[in-house]
Structures are given as structure tokens and as C-alpha cells.
Amino acid sequence: MPDAALNTRTHDAGPASDWVRRWTHLLPNGAAVLDVACGYGRHMKWFAQNGHSVTGLDRSVSAIEAAGAFGQSVLADVESKPWPLIENGQVRQFDAVVVTNYLWRPLFPIILQSLSLGGVLIYETFAQGNETVGKPSRPEFLLQPGELLQAFKELHVIAFEDGFLENPPRFVQRIAAVRINPQTALDQVPQHHALDMRQSR
């Protein structure tokens, strides 16, 4: 399918997304990271280079073989088969979940369950309007305005953007958010989630 939810060409071994780079500092040292639809491992490589342990999921055999150089790689078609990362009957949890250039809405609840308390979600993919500049162009593969905010409203949002990027031209929506305990959030000392990587160095 040329306009599929996952276009492997956007998941090649190129540099990590600016959005992913910007919010990597939110992760604790040595975090366990899950990269959903990891492609050839560009973000797995980035997180491994920053001292994190990485697990990647993808349905492409060639992609998973390449991504295995940077961490654990799992061949799985998460759109038609059961979620593969189950431990003792529970969804395996991670300190961070990363999703880029991929949208499969039925996974939203699984992504939430995969975040441990204090875990970081970094999500970036195509949004409504992208049909005017290229692919994906089908509505089911484009986020609606504010959709990530609604889908992950249980999380504490650190940053959210919804708009147009020029190079390459594309409409994107992206979020960085942290899972907190809503029962104790008001009693906790606010966490210092730096909005600029340079502030955390």
C-alpha cells in the first residue's frame, strides 16, 4: 500500500527526529525505551548512543534485522496480531515510548499501558493538511486537530505542537508527555521538566 500507516522510507537509518532529540533529556539515565514502528532503527540508535536500553517493534523483516544492531528488535504486525510484549499476563512497561511517522489508533491504549509511572511519551506523526503536500494523504493516517492531546489526556503534557514544517514539507502533530499518578499528583512536589535540553546539562 503506497499510502500505508507505516511508510518504511520514513523510518530509515537517517538522523533522529528533532522532536525526539529535543525531549530525550526527560528520560532518566539508563531508561528502558520502546520504539513502536522502529523501522531501521534511527531512534533506537539515538537512544542507545545516549546510554538507554532500547526495544524496537516493526513488521518489516529487513528493518528489524537492521534495527537489531541497536537493541532488542521484535518482528511483529501489531495491526493484525496480539501485542507481543506481555510479561506475566501484563503489558510490559517502559520508561519511555517513542512513536514517529506512524499512526494506528487502536494502539493508543496499549501505548498508555506500556508507560511506567513517570514514563515519557514522545510521539510525532502526520496530521490533517498533509494531504495538500504529499503522502500519507488518507484521512485514517492523519491526526485530527488536537487528537494526540485527547488520546493521551491522562498524561501530564510537557509540550504539544500541531502545524506545518518546511523541510521536507509536511503537516505534523507531536507531543511530549509524562505519566503521573493522578491520585497523588496534587500532593507531589512539581517535577522540573526542563523545556530546553540546554537547561538540563
When 45, 135, 153 are arranged by how many other beta-carbons sit within 10 Å of their Cβ, fewest first, they go 153, 135, 45
Rounded to 0.05, the calculated FRET efficiency for the beta carbons of residue 72 and residue 21 at R₀ = 30 Å is 0.85
Reviewing (i) 25.0, 98; (ii) 16.2, 50; (iii) 17.0, 58, the figure for Rg and Dmax of the Cα atoms in Å actually calculated from this model sits under (ii)
Phi-derived 3J(HN,Hα) across segment 56-73 with the Karplus relation (6.51, -1.76, 1.60, θ = phi - 60°), rounded Hz, x for Gly and Pro, is x, 10, 6, 9, 8, 4, 5, 5, 5, 4, 6, 5, x, 5, 10, x, 6, 10
Measuring from its Cα centre, segment 30-200 shows a charge dipole (+1 at each Lys and Arg Cβ, -1 at each Asp and Glu Cβ) which, in debye to the nearest 20, is 160 debye
With the 8 Å Cα cutoff and a minimum separation of six or more residues, the chain has a relative contact order in percent of 18 percent
Whole-Hz Karplus couplings 3J(HN,Hα) for segment 42-54, θ = phi - 60° and coefficients 6.51, -1.76, 1.60, Gly and Pro as x, run 4, 7, 4, 4, 4, 5, 4, 5, 9, x, 9, 8, 10
Counting only DSSP beta bridges with both partners in segment 30-200, the antiparallel fraction in percent, to the nearest 5, comes to 45 percent
So residue 88 and residue 29, fully extended at 0.36 nm per residue minus their Cα-Cα distance, gain in nm 18.6 nm
Neighbour-count ranking for 175, 158 (other C-beta within 10 angstrom, fewest to most) reads 158, 175
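Read-outs: derived from the displayed coordinates by stated rules, not from any lab. Here the structure is a predicted model, which means the values were calculated and not measured. FYI the Cβ positions are ideal-geometry reconstructions off the backbone, even for glycines, and counts take in every protein chain you see.
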